[in-house]
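To start, the structure itself, in structure tokens.
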Amino acid sequence: MYQIDFKKPLTVHFIGIGGISMSGLAEILLQENFKVRGSDTQKSLLTEHLKECGAEIFYGQRGENIGEDTDLVVYTAAVHEDNPEYQEVLKRGIPALTRAELLGQMMKNYHHAVAIAGTHGKTTTTSMLTEILLDSDMDPTISVGGILPSIGGNIRVGGQEYFVTEACEYTNSFLSFFPTIGVILNIEADHLDFFKDIDDIRRSFRKFAERLPKDGVLIFDGSIPNPEEIISGLSCKVVVVSHGPEGDYGVGDIVYDDLGCPSFPVMKNGVLWGEAHLSVPGEHNVYNGLAAIAAAEVLGVPGEKIFSGLKNFSGTKRRFEKKGVVGGVTIVDDYAHHPREIAATLKAARHYPHKKLWCVFQPHTYSRTKALMEDFATELAAADQVVLAEIYPARETDTLGVSSSQLAEKIQKHGTLACCLPTFEEIEIFILKNCSPGDLLITMGAGDIVKVGERLLGQ
């Protein structure tokens, strides 16, 4: 593998520079005085920001975009071998790294590198830890998979002491990382276009845990089934967070305010340690917060700073984000695209003021929809009424014979009203005709369903 000397800036080309993670890595290299170029299919706020920072951006991917002075090319898992820029890289023998390999090499430059893994909750937990470190004036470098208002984007370039990032399991990306502190929030069936089954996924998380050094720390959620398969025999220290009062860190009785935001006593080794107050709704965020608390204490943050920083966290874009109110209907947007995430979001919504709970859901990828169809139907049925958009294909083509209409039929069998509408325009008309003042409407999914709420609000 090509090894970067970060003290000797290079000319680097990113294939797919507009992605949330790729754009962040490009910005870090710009801050390190690297010359950065990159291509993407379309203009976005992220690509425009990179241009402002000094990057050269190409729209459309062509072999001629790879300049003669290119020293290194970085690409994502979404780039296939027939990509014209990738073909040019192979033809000219230019050194290349995956996004994950570049991120892994970056981590080695920091004294403390925190990698936050799990099927769900990575962005939120990374953002919570970020707020805690910022409140403590610890000057962290941050790479987060969402837009965090407090850092004005998805990246923050700080000092060389602390680096915090998400660690995604898809295509085993996180096995290219070199963390000193690892966090595993949960392990569930997902990305089944890559993994064979849940056992295959668990093996990857075990390998992730094994990458921690002897003097490293793994923070592990004790509710994960068969935990010994993941944590037994590790050379690093293991810190267990619990959904009850037990464990190295645990929680007492949870109470909610009028907007569904929880407060809870934090237990340390079964003894009351402090009181946490969150500014984001949902029980799932209690356990995200507990993992952030544990990571922060491992990093040496004083308890009072941990709790004040955690309270400062008010959410990231597309994580139960209140978009506005139209006609008395509150519109919230959420990135949930897995049954467990849907369950958590709709449970949180029940604590939020509303008359009727609407969910406008856009399934994400054919493989996930087919593999988890029954679970999707069960969890979506917790809403009062569901409106489904067509499946967002992302990186896939429809070869599985699965549809949103099939999902609507299964939801209806649970006794919940559900329909599938073919276009966003038809969904918007349906909402305007049927929602009433006081209702709560959540646009949900990892695709572009957010546009529905934004258009209704005139945004």
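Nothing in this text is a laboratory measurement; each read-out follows from the coordinates by a stated rule. Keep in mind that this is a model prediction, so the values were computed, not measured. Note: ideal-geometry Cβ built from the backbone for every residue, glycine included; neighbour counts use all protein chains shown.
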Checklist entry - Among [x] 93, 51, 48; [y] 60, 55, 40; [z] 70, 56, 44, which one is Cα extents along the principal axes in Å computed from these coordinates? => result [y]
Next on the checklist: Set the bar at 18 Å for Cα to Cα. Now go through Lys51/Lys91; Lys322/Lys356; Lys214/Lys237 and name every pair that lies beyond it.
Outcome noted: Lys51/Lys91
Item to check | Candidate aspartates and glutamates for bridging to Lys311, where Cα separation is under 20 Å - those fewer than 8 sequence places away on the same chain excluded | outcome: Glu131, Asp135, Asp137, Asp139, Asp253, Asp257, Asp258, Glu275, Glu283, Glu297, Glu321
Item to check | Candidate aspartates and glutamates - alpha carbon under 12 Å from Lys35, same-chain residues fewer than 8 apart omitted | outcome: Glu27, Glu56, Asp69, Asp71
Checklist entry - Based solely on its DSSP helices, what 222 nm [θ] is calculated for the chain when runs of n ≥ 4 H residues each add -39,500 (n - 2.57) and the sum is averaged over all residues, nearest 500 deg cm²/dmol? => result -9500 deg cm²/dmol
Checklist entry - In whole angstrom, how far apart do the alpha carbon centroids of the range 111-132 and the range 277-291 sit? => result 13
Item to check | Distance from the range 325-354 to the range 135-180 (C-alpha centre basis), Å | outcome: 27
Checklist outcome for this item: the range 321-456: relative contact order from alpha carbon pairs under 8 Å, six or more residues apart, as a whole percent, is 37
Checklist entry - Each residue of the range 19-34 in turn: what ³J(HN,Hα) in whole Hz from Karplus with 6.51, -1.76, 1.60 and θ = phi - 60°, glycine and Pro shown as x? => result x, 4, 7, 4, 5, x, 5, 4, 5, 4, 5, 4, 5, 8, 6, 6
Checklist outcome for this item: Mean Cβ-within-10 Å packing, highest first, puts peptides 192-200, 135-143 in the order 135-143, 192-200
Next on the checklist: Once each part is reduced to its C-alpha centroid, what is the distance from the range 390-459 to the range 1-57 in angstrom?
Outcome noted: 35
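How high is the relative contact order of the chain? Use alpha-carbon pairs under 8 Å, at least six apart in sequence, and give a whole percent.
Reported relative contact order: 11 percent.
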Checklist entry - Amide H to amide H under 5 Å from Phe14: which residues, 5+ apart in sequence or cross-chain, H placed 1.01 Å off N in plane? => result Arg37, Gly38, Ser39, Val74
